[in-house]
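**Student:** Shown below is the structure under consideration.
Read the figures in this text as sums done on the coordinates, not as results from a lab. Please read all numbers here as calculations on a predicted model, not as lab measurements.
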Amino acid sequence: MGGSLFPQISVVVVLQCGSKAFRLALARLRAQSVASALECIIVAPSRKELNLAPEELEGFFTHRILELGPLEGEGAAKAAGVAAARAPLVAFMEDHSYPDPCWAEALIEAHRRGDFAAVGPVMLNANPGSAVSWGCFLVFYGPWMAARPQQEVRHLPANQSCYRRDVLLEYGSRLSEMLQSESVLHWDLLARNQRLHQEPAARVYHLNYSRYGPMLFEYYLSSRVFAANRARAWGIPRRIVYALGSPLIPLIRWRRIVQDAARAALPARILRRAFPALALALVAGAAGEALGYAFGDRRAAERLMRFVRNRHTTFTPRDLEALSGL
């Protein structure tokens, strides 16, 4: 570190409790090539919920556990992590995301090379043996399977990307709202003439649901939260137009997913296997968006956080076994 007083990057992880999936993710964070320059910030209801051994938090520049009590929304929890961060760059990571060893270093270098407000990684499927897993992955992260040319980057993978902290702090009290659905934040950054970048050298493996129930429930809720946040400042006529147009979303998204798969050279057989899960997820998402545009959140964010609390129980032994092959 050369005696530096501050870390180069702060990584914020929001979670409700400890789990095997999270411990494996934390191990990937300790294995980062720049771990000694990395601040690990864990936002959780309490330290006791995590049940971490001291050695699991060794090797970082520093670490902090923010005990916030019951988490009512992901945006507020992430904003608390940003406020506590000491580094000029803040990256988000999920408790079921597994970055390559050079992930953090690649994000830092990308920010050094260009004047970017945010830099995102290439996303990969951590448990590719399941057709449902592929459907889940393509719906949530299909646009980032391969790096896009700079001029095509309109948004980045949520909960996986890295921001300049000063840019985030400009939102003040609105930061919680903007971090609740990061696509809305990305579009607002572009409207402010900020630049986004997807970095090919930063790679993250994402563990996906391999069962229909959890996948459909989360995508419905996250889609409703997204639509409610997107339409927060809209008038009623525009909300109605978007709500009535929501049934077209599965067709639009399917076309884009096919294009993304072709761009990433994903074998056609995988797309065929994933189609049933994809179709159901897209319908669930369209329903969530329609209700979000028409009626707002209606506590969907709180329901999503309650679901996330037990998300680790939805992963199967086979899902976790797949992580050993990364």
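**Student:** How high is the relative contact order of the chain? Use alpha-carbon pairs under 8 Å, at least six apart in sequence, and give a whole percent.
**Tutor:** Relative contact order here is 21 percent.
**Student:** Within the chain, what percent of beta bridges assigned by DSSP are antiparallel, to the nearest 5?
**Tutor:** For the chain, the DSSP antiparallel bridge percentage is about 25.
**Student:** Continuing with this model, one more query. Mind running the shape call on segment 212-325? Use the C-alpha gyration tensor, a ≥ b ≥ c as the square roots of the eigenvalues: rounded below 1.5 for a/c, prolate if a/b tops b/c, oblate otherwise.
**Tutor:** It comes out oblate by the Cα gyration axes.
**Student:** Just how far, in whole angstrom, is segment 126-149 from segment 171-194 if you go by their alpha carbon centroids?
**Tutor:** 24
**Student:** Further question: Rounded to the nearest 10 degrees, what's the angle between the helix 74-84 long axis and the longest principal axis of the chain, both from Cα atoms, 0 to 90?
**Tutor:** 20
**Student:** Taking a cut-off of 18 Å, what percent of all Cα-Cα pairs in segment 13-100 are separated by more than that?
**Tutor:** 38
**Student:** Hey, any idea what the orientation-averaged projected area of the convex hull of the chain's Cα atoms comes to, in nm²?
**Tutor:** 15.7
**Student:** Another question, then. Which value results when the Cα radius of gyration for segment 43-154 is divided by 2.2 N^0.38 Å?
**Tutor:** With N residues counted in segment 43-154, Rg over 2.2 N^0.38 Å equals 1.25.
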